[in-house]
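K.L.:
Below you'll find the structure I mean.
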Amino acid sequence: MEPTMNHSLSNTTRSVLTIEQYEFQEFLQDDIAVVVYLILLCFVGTIGNGHAFIVYHVRYKPSNHRTFVVWLAAIDFVACTVSAPFEIVDIRHGYTFDSGAACKCFRFVNHVVSIASGLMLGVIAIERYRKACCPFGRQISEKEAAVSCMVTVGVSFLVATPSFYLYDAAEKLTDIQGLSGTDCTTGLSKGQQSFFRIYSILLLLMTTIIFIICIVAYSFVGKSLYKQMTFRQSAQLKNVQKTISGNSVSSDNKMSVTSVRMKMMAEKSEGSSCQHIHDEESSVYSDKNKVMLHPPGRPTTLPMIKGKKRLDRTRRITLMFLIATAVSYVGYLPNLIILVIRAVRPSAYQNLARSLGMFTSVLLRGYFLSNVTNPLVYCFVDDRFRQECGLLYSKVFRLPARRKSL
């Protein structure tokens, strides 16, 4: 009924209704939801990634963990401040976007940040695998981690280069006969359409391969951490048993024998379970919190406590990157699948768009979800990140009070 009604009104509205008016009506009818969604992502993502970049760069000690988070935060910040606002402008001017140069540049930036974010999560998964499953092999240094991030961004630039050829300000038809506009989309030539199909399939294939690599890597990492956790629990149980059996020793040498035994077990546990843990997992302790290795009164408990904190820190960092990877691909895969359907079977895409309605536009921009949720994952999983953010705000809001007191 609606296409027939629009066609019947075309003769009476063509001379009156301008393309700007038609565009605004379409925006109010179909695009309000996705624009509100993108505005929310821009606001939350800009604040969150700004906090992540500043806190990790300033407050954390140099480590692979800090390097990866800082680079991810920078990429996500660009996505939230450049790519997402461009999408809002493109949606609002769905029939009056006539700048081909702006279209090519912003689509290129959009591809770079989305590809770089996915590739970097793959690099992080490999680094986590080597740290947990190959503890005595050669590990990636902090400098090499930074170089790998730069290489990842460089590869993303190369992979995104075809967007300069694919996208342009092309003609976009309306339901009203004789009324058309221009939009930032793929070119209409046969060469552009054919290459767009191949490019979309290649991106989907690359994303699938990286996702499989992440699944395999984190599966081995989880298995390794589980073994370490069970070994530590058994070691603690043996220490308790040794302590109980030590009560039968005479009172003169009871303390010394128990201390020696517990110290040997603690050192053995430390060597087998936490020797491979990098400084990044133990960097949560500031200098003011460092204590003597053998303080009076409890000479044998600190090694076990310190090792447990290191292991817990490793598990938290791994869980943090695992959740970030899962959220990234949950948002990115629907976009690629829909683009492949649109490139290979346009009729099937039209049927899908009609059935999903406004949700289609949200799924097409789902890759922005990972750019926003990464700092939220840091906040929920990394307890030190929350503490540092709280310390930052306590210092900021304390300054005016001090000045007034003076």
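K.L.:
Answer with yes or no whether Asp30 is farther than 19 Å from Tyr332 by Cα, outside any helix (DSSP H, G or I) and in contact (Cβ under 8 Å) with a residue 12 or more places away in the chain.
P.N.:
no
K.L.:
State all residues of the range 353-367 that are surrounded by 12 or more Cβ atoms within 10 Å (Cβ to Cβ) and over 28 Å from the mean Cα position of the chain (by Cα); if no residue qualifies, say none.
P.N.:
none
K.L.:
I've got another one for you. Could you run through the range 377-400 and say how many residues are touching a Lys or Arg at 6+ places or on another chain (Cβ under 7 Å), of a type outside the set (D, E, K, R) and more than 20 Å from Leu121 (Cα to Cα)?
P.N.:
Residues meeting the conditions: 0.
K.L.:
Looking for something buried (at least 19 other Cβ atoms within 10 Å of the Cβ), in contact (Cβ under 8 Å) with a residue 12 or more places away in the chain, outside any helix (DSSP H, G or I) and on the phi < 0 side of the Ramachandran plot - is there at least one such residue anywhere in the range 97-114?
P.N.:
Yes - at least one qualifying residue is present in the range 97-114.
K.L.:
For Cys133, indicate whether it is surrounded by fewer than 21 Cβ atoms within 10 Å (Cβ to Cβ) and without any contact (Cβ under 8 Å) to a residue 12 or more places away in the chain.
P.N.:
no
K.L.:
Tell me whether the range 40-63 contains one or more residues that are surrounded by fewer than 24 Cβ atoms within 10 Å (Cβ to Cβ) and in contact with a His (Cβ under 7 Å, 6 or more places away or on another chain).
P.N.:
Looking through the range 40-63, at least one residue is surrounded by fewer than 24 Cβ atoms within 10 Å (Cβ to Cβ) and in contact with a His (Cβ under 7 Å, 6 or more places away or on another chain).
Table: residues versus (1) surrounded by 15 or more Cβ atoms within 10 Å (Cβ to Cβ); (2) modelled with pLDDT of 75 or more; (3) in contact with a Phe, Trp or Tyr (Cβ under 6 Å, 6 or more places away or on another chain).
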{"site": "Thr186", "(1), (2), (3)": "yes, yes, yes"}
{"site": "Thr230", "(1), (2), (3)": "no, yes, no"}
{"site": "Leu237", "(1), (2), (3)": "no, no, no"}
{"site": "Gln241", "(1), (2), (3)": "no, no, no"}
{"site": "Ser250", "(1), (2), (3)": "no, no, no"}
{"site": "Arg261", "(1), (2), (3)": "yes, no, no"}
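K.L.:
Just a yes or no: is a residue in the range 62-72 among the aliphatic types (A, V, I, L, M) and either outside any helix (DSSP H, G or I) or in contact (Cβ under 8 Å) with a residue 40 or more places away in the chain (or both)?
P.N.:
yes
K.L.:
Quick one: count up the residues across the range 322-336 that are closer than 17 Å to Ser361 by Cβ and of a type in the set (A, V, I, L, M, F, W, C).
P.N.:
Final tally of qualifying residues: 2.
The values are calculated or read from the model by the stated rules, or taken from the named source; none is laboratory data. Just so we're clear, the structure is a prediction, and the values are computed from it rather than from any experiment. Every residue, glycine as well, gets a Cβ built from its backbone with ideal geometry; the counts of neighbours run over all protein chains shown.
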